Amino acid sequence: MLLFLFRRLMQGLVVMFVISLISFSIQDNLGDPLREMVGQSVSEAERQQLRDELGLNDPFLTQYGRFITKAVQGDLGTSYFFKEPALDVILGKMPATLELVFAATLIIIIISVPAGVYCAIRPNSMLTRAILGISILGISVPVFLTAIFSIYLFSIELGWLPSYGRGDQLVPLFARWETGFLTSDGLKHLVLPAVSLASIMLPLFIRLIRSEMVEALSTEYVKFAKAKGLTKTRVYFLHALKNTMLPVITVGGVQIGTMVAYTILTETVFQWPGMGFLFLEAVNRVDTPLIVAYLIVVGGVFVVVNTLVDLIYGLINPTVKLAGGNA
Amino acid sequence: MSLLEVNDLCIEFPSRHGIAVAVKGVSFTVEKGEVLGLVGESGAGKSTVGNAIIDLLSAPGRVAGGKVTLSEETISGLSSEDIRKVRGRRIGFIFQDPMTSLNPLLTIETQLTETIIENLGFNGKQAFERAIEMLKSVGIPEPELRIKQYPHQFSGGMRQRVVIAIALAGEPELIIADEPTTALDVSIQSQILDLIRTLCKEREVGCVFVTHDMGVIANVTDRVAVMYMGELVELGTTEQILQRPEHPYTQSLISAVPRTDVKLHRFPRVEYIEKAETKAIDVKNHWLGQREDFGELKGDALLGGKTLLDVKNVELKFETQSAFFKKNRKYVTASDNVTFQIKDGETFGLVGESGSGKSTIARVIAGLYKPDAGSIEFAGRDITHLSERERMPFRRQIQMVFQNPYSSMNARMTVNDIIAEPIRFHKLAESEQKIRQITADLLDHVGLGQKSGIKYPHEFSGGQRQRISIARALATRPRFLICDEPTSALDVSVQAQILNLLKDLQDELGLTMLFISHDLPVIRQMCDRVGVMRYGTLVEVEETEKLFETPQHEYSRKLIELMPRVDQLSRAGLDIEEHREPALA
């Protein structure tokens with residue numbers, strides 16, 4: 001177990017190093033940060049001097065060396081726009097994004113597991129066909145379309161739900177974490193963005209769970225469980241479902257990591273004050289330190305989520321030894 | 001009244017192309033404490049009958065007619081909830097493969113106690129005590145410890161014991177065992193068979209024992225029902241069926257069983273088997289007979305007696321746990337100082353249980369694995385460390401026939417291309433026309449007919465595919481053929497034909513063979529000399545007849561003792577070899 005975590009930590013460090021290298025090396029292609037920082041009236045000589053001060057004229061390796069030395073100490077640079085450490089800016093926006101992803105994940109789990117299991121158990125029913133038909137539709141429609149359409153229907157026409165932002169009734173938890181989960185206004189603001197975000201992954205999960213469950217139902221041990229005289233409920237929800245969840249956890253973990261990235265679209269449409277929205281703004285402002293910091297933080301989230309997924313997988317599946325060579 | 005009565009049972013599988021009738025009007029009875037064997041070849045419908053009794057037919061199968069009663073109570077046509085209460089409580093079920101019939105994610109405790117709680121209405125604590133008791137009665141040591149473990153921590157034989165414990169946990173009146181020992185080694189098979197038989201007798205439980213193996217039938221059953229193409233063709237006591245079979249199908253089935261007591265010259269030709277007319281080839285004038293570059297043995301190749309293959313002190317280890325430091329790595333020894341010689345023209349058998357390293361040796365000889373130490377000499381030349389280019393002529397001379405005829409052929413190539421590929425690769429024929437002619441002759445020769453060349457592998461049955469494999473192996477004009485369990489995936493009657501074909505080919509082409517099998521009777525029928533393997537070492541090498549009559553090594557004795565005996569089989573119409581023929585016929 002400890003060996004497994006140590007290995008993972010080492011692999012994570014390598015991954016983070018590669019991400020930092022890539023994100024740092026693309027920053028020159030994003031545009032000129034000075035154009036946004038200073039007004040039109042500043043002369044070319046002053047611009048050059050500013051570039052020298054910021055170290056933008058140094059060779060790439062020198063710049064990167066400087067960056068990595070600071071990064072190891074937890075300093076990912078200072079945002080040109082906010083004039084604050086980039087990491088602090090991002091961490092301040094992170095709770096909003098994590099809450100959004102968490103809410104979307106909850107929606108996905110609550111709907112996809114029963115729907116997928118139902119489709120596997122009753123392959124020929126009308127409802128199964130309906131679910132599978134709609135899920136194809138869900139995969140094909142892009143998220144911003146779902147988002148815009150639901151804003152039109154539920155906020156503008158029906159007026160049930162707010163169309164943007166997190167509302168003003170946020171409850172501070174600790175540090176800079178303010179949650180919208182504890183007030184009805186906060187929850188109302190969460191509904192549309194979370195549903196839109198969930199809509200991309202939901203069909204995929206339903207189909208994944210259905211096919212894995214069909215596979216599990218055709219195994220010998222499920223047949224043997226039936227031959228033992230167990231009730232259908234126990235056969236389906238203990239014997240078959242537990243085996244279904246193994247591959248679902250592996251794929252699902254990666255997908256939930258991906259969802260953190262997908263929030264860029266959802267957050268933009270709903271003006272959600274999270275990391276994705278921030279990233280888009282940073283790109284517009286050519287705020288390179290912030291962009292680099294965002295890429296590194298998202299990469300870090302990926303690594304952490306994947307490690308957690310592997311840990312959970314090891315807990316469920318007794319045949320996996322976490323310290324094993326192929327971990 | 002009988003315990004189980006099956007009356008006129010009909011089962012059908014509706015499909016797009018109409019209704020396939022899998023079981024036609026089968027009737028039999030089972031008494032308390034009696035073991036009834038249900039025997040037949042694949043597709044006979046024997047497992048279908050077993051599944052139908054407890055309504056576990058796989059979709060879209062359905063019972064079309066007939067009646068099943070258990071202790072005078074009708075159990076066919078019950079609602080799904082009512083038949084569920086019969087399962088486990090009144091009828092226990094044992095499946096074929098213990099590796100797949102236990103849920104890998106649940107402990108033995110969960111899987112055993114859930115059955116007890118469901119069927120006997122015990123509370124958790126009583127169920128646990130009961131479970132321990134059950135594990136003890138099926139012979140699992142340290143049940144208190146083992147019950148907390150998961151299936152993957154048990155060996156195959158131990159798992160089948162757990163499955164039996166589960167099947168008996170609800171105190172059923174009847175057990176249906178579907179090929180319960182087919183996936184197990186002989187030594188474990190005999191233990192499991194003893195266990196099932198003892199438990200049935202002690203507890204007065206009836207048993208329907210589904211199997212294709214006549215040896216198992218002879219050891220465990222009281223009466224036997226023989227099924228053929230969905231019909232029950234003969235029903236009688238085990239003694240009568242084995243010694244005086246009446247129905248022609250039963251007779252042909254019994255004559256095809258590899259015998260443990262005598263060596264046959266050839267298995268008898270019988271009806272009821274897929275038709276295969278082999279066409280003889282005049283080897284002297286045919287391409288197949290004109291062999292080239294046999295090295296220094298050329299010319300006296302057919303004289304026999306000389307050593308063709310010399311396996312010297314071969315060692316091979318596989319790494320099972322990798323580690324950064326050498327001392328932390330763990331290995332399993334697949335082959336430990338194995339030494340034997342195969343003479344030109346003889347058939348050498350390798351026998352042993354699973355994991356004994358038989359197939360590893362075959363792969364080392366074929367050049368698929370490199371040994372860690374030791375050497376392989378073929379026709380007087382060391383071929384252990386040849387480069388790919390230098391090995392090429394030896395690859396041509398040494399060919400392999402694999403165990404599984406379903407996975408050893410490219411499904412996207414026609415049979416013609418499959419057989420022609422090695423000829424083209426080694427550039428053995430001058431023209432495409434010549435290649436086509438050779439392919440056609442080979443297909444005729446192995447009994448498939450040249451017309452089948454334009455078909456694809458999936459259009460053939462298992463036995464026919466194995467014929468294609470053999471034709472492909474012959475296409476390079478090999479002098480040495482390695483057969484790795486060539487018939488263990490096949491039915492007995494088909495097996496008899498394939499074995500006959502191999503014997504014929506050997507006689508005509510003067511092939512030398514390494515024949516690997518876990519099946520002792522097959523080894524007895526095929527081989528001149530046999531090596532017995534265990535845990536990667538060769539424990540005994542002996543002439544076949546001597547080995548079976550007077551085994552020297554303790555392990556060989558045990559293997560031969562445990563082999564299911566079919567000594568009392570009818571000998572009608574058999575072509576028994578009176579005196580062992582010399583190594584080369």
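Brief remarks on what is shown
- For B:Ile175, the residues whose modelled amide H falls within less than 5 Å of its own, excluding neighbours fewer than 5 places apart on the same chain, are B:Gly92, B:Gly206, B:Cys207, B:Val208.
- Inter-chain Cβ neighbour count for B:81-94, averaged per residue, equals 3 (cutoff 10 Å, partner chain atoms only).
- Take the Cα of B:Glu561, go 7 Å toward its beta carbon, and the backbone nitrogen atoms of the range B:340-361 under 19 Å from that spot belong to B:352-353.
- Around the amide H of B:Ala334, modelled in the peptide plane, lie the amide H atoms of B:Leu316, B:Lys317, B:Phe318, all under 5 Å away and 5 or more residues distant in sequence or on another chain.
- In chain A, helices alone account for a calculated mean residue ellipticity at 222 nm of -23000 deg cm²/dmol, with every DSSP H run of four or more residues adding -39,500 (n - 2.57).
- Pairs of alpha carbons in chain B whose separation is greater than 40 Å (percent): 33 percent
- Angle between chain B longest axis and helix B:388-397 axis [Cα atoms, degrees, rounded to 10]: 70 degrees
- Relative contact order, whole percent, for chain B stands at 16, derived from Cα pairs under 8 Å and 6 or more residues apart.
- Within the listed set A:Arg129, A:Arg285, A:Arg210, the residue fluctuating most in the Gaussian network model of chain A (springs between alpha-carbon atoms under 10 angstrom) is A:Arg129.
- Nearest-ten-degree value, helix A:86-121 long axis tilted from longest Cα axis of chain A: 20 degrees
- Mean separation of Cα pairs under 8 Å and 6 or more residues apart, divided by the residue count, gives the range B:283-565 a relative contact order of 24 percent.
- Sites A:Ser155 and A:Met16 - FRET efficiency at Förster radius 35 Å, r taken between beta-carbons, to 0.05: 0.30
- Contact order normalised by residue count of chain A, Cα under 8 Å, 6+ apart, percent: 28 percent
- The residues neighbouring B:Gly170, those whose beta-carbon lies less than 14 Å from its own, together hold a net charge of +4 under the Lys/Arg +1, Asp/Glu -1 convention.
- The range A:191-259: projected area of the alpha-carbon convex hull, averaged over directions, in nm²: 5.3 nm²
- Taken over the range B:438-556, the ratio of Cα radius of gyration to 2.2 N^0.38 Å equals 1.19.
- Interchain or long-range residues, amide H under 5 Å from B:Met400's placed H: B:Ile482
- Cα-based reach from B:Lys201 at 21 Å (exclusive), listing lysines while leaving out same-chain residues under 8 positions away: B:Lys32, B:Lys136
- Here the dipole of the protein assembly as shown is about 680 debye; that uses its Cα centre as origin and unit charges on the Cβ of Lys and Arg (positive) and Asp and Glu (negative).
- Residue-averaged 222 nm ellipticity for chain B, from DSSP H runs of 4+ at -39500 (n - 2.57), nearest 500: -10000 deg cm²/dmol
- Highest-fluctuation residue, A:Asp28, A:Asp52, A:Asp185 considered, GNM on chain A with Cα pairs under 10 Å: A:Asp52
- Across the range A:287-298, rounded Karplus estimates of 3J(HN,Hα) from the backbone phi angles (6.51 cos²θ - 1.76 cosθ + 1.60, θ = phi - 60°) give 8, 4, x, 5, 4, 4, 4, 4, 4, 5, 5, 4 Hz, Gly and Pro being marked x.
- Diffusion coefficient, µm² s⁻¹, Stokes-Einstein with Kirkwood Rh over alpha-carbon pairs of the range B:366-501 at 4 °C and 1.567 mPa s: 82 µm²/s
- Pair-distance distribution P(r) for the protein assembly as shown, from all Cα-Cα distances in 10 Å bins starting at 0: 2, 9, 15, 17, 17, 15, 11, 8, 4, 1, 0, 0 percent.
- Rounded to whole Å, sorted largest first: equivalent-ellipsoid semi-axes of the range B:283-565, Cα gyration tensor: 31, 22, 20
- Near B:Val210: Cβ cut-off under 9 Å, other residues only, Lys/Arg at +1 and Asp/Glu at -1. The net charge is -1.
The numbers here are math on the coordinates, done by the rules we state, and not lab data. What you see is a predicted model, and the numbers here were worked out from it, not measured in a lab. Here the Cβ is made from the backbone with ideal geometry for all residues, glycine too, and neighbour counts use every protein chain on show.
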